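Down below is the structure, laid out as structure tokens.
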Amino acid sequence: MNPAVDNEFQQWLSQINQVCGNFTGRLLTERYTGVLDTHFAKGLKLSTVTTSGVNLSRTWQEVKGSDDAWFYTVFSA
């Protein structure tokens, strides 16, 4: 894997973890896309993560190390 691409991915994953709680991620290809959009709707914080070429998940390790106040809905296309 290209070190520059891996570094960029790790920075993006760090943003996900700061905004959304603990996730693990793995690049499937060097040509990935990752977009994080966060906004508020009537006092509710909403974050949308759009990816391609990435495996993004929460295992029991991430769940155990997280704040239980987070709620997730996942849509996949």
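No lab work stands behind these numbers, since they all come straight from the coordinates. Nothing here was measured: the structure is a model prediction, and the numbers come from that model. Reconstructed Cβ throughout: ideal geometry from the backbone, glycine too, with neighbour counts over all protein chains shown.
How large is Rg/Rh for the chain, to two decimals, with Cα atoms and a Kirkwood Rh? Walk me through the numbers on the way to the answer.
Values: Rg = 13.1 Å, Rh = 13.4 Å.
Rg divided by Rh gives 0.97.
With both labels modelled 7 Å from their Cα along Cα-to-Cβ, the K45 to R31 distance reads 3.5 nm.
Can you tell me, using C-alpha contacts under 8 Å and at least 6 residues apart, the relative contact order of region 3-64 as a whole percent?
Details: 76 pairs, mean separation 21.1, N = 62.
That works out to 34 percent.
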